[in-house]
Amino acid sequence: MAKRDLGEVNKELEGLLKSPAQKRGLIVFVIIVCLPIIILMGTCASRFSTPPTTAPVTTTQPIPDLTADVTFTGTQFVITNGDSFAWTNVLMKVNSGFIANGFWLKEPRMEAGSTYTVGALQFAKDDGTRLDPYATKPTSFSIQADTPAGTGFWNGGWN
């Protein structure tokens, strides 16, 4: 096959398309036939080359329950950590509700399997009022603490 320069190819094309009607016909042919084929090829290529997108999978960890035993002697709370791990940043609350914060006490650490005896007067409200076990009957007790699996909770109460 002989090499042809661009000028020769251009003259041949001009010879093929002598009339304006022929030129319009070629333009219509390109628009109607070739353009949709090119678009379809691009669409198919993008569908097969792009991995399907899915929504990210989010997993929620269950809230760990603390294993505890809490009794009230009339003046003191006896609290046992029944878990195999220490609780840290421990927040204990007496008679707390959705509206009232109740009486609370913070403890930095409670060892696994250990029992702690805490006097009722060690619990206080936000305003400093102490829990007087002779004037206020404890009806609920809650514990919130950091654990190896996240923040754990325990709730209990008395009639």
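The values are calculated or read from the model by the stated rules, or taken from the named source; none is laboratory data. Remember, predicted model here, so these are calculated numbers, not experimental data. Quick reminder, even Gly has a Cβ in these numbers, built from the backbone with ideal geometry, and neighbours come from all protein chains shown.
Scanning region 67-104 for residues that are under 30 Å from the mean Cα position of the chain (by Cα) and within 14 Å of Asp126 (Cα to Cα) yields Leu91, Met92, Lys93, Ser96, Gly97, Ile99, Ala100, Asn101, Trp104.
With respect to Asn101, is the statement that it is modelled with pLDDT under 95, surrounded by fewer than 17 Cβ atoms within 10 Å (Cβ to Cβ) and touching an Asp or Glu at 6+ places or on another chain (Cβ under 7 Å) true? Yes, satisfied.
Okay, residues lined up against (1) under 18 Å from Gly157 (Cα atoms); (2) in a strand (DSSP E or B); (3) not assigned by TED's automatic domain parsing to the domain that holds Pro133:
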| position | (1), (2), (3) |
| --- | --- |
| Gly74 | yes, no, no |
| Val78 | yes, yes, no |
| Thr88 | no, yes, no |
| Leu91 | yes, yes, no |
| Phe98 | yes, no, no |
| Pro108 | no, yes, no |
| Ala112 | no, no, no |
| Tyr116 | yes, yes, no |
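Taking region 129-142 as the range and being outside any strand (DSSP E or B) and closer than 22 Å to Phe98 by Cβ as the test, the residues that pass are Thr129, Leu131, Thr136, Lys137, Pro138, Thr139.
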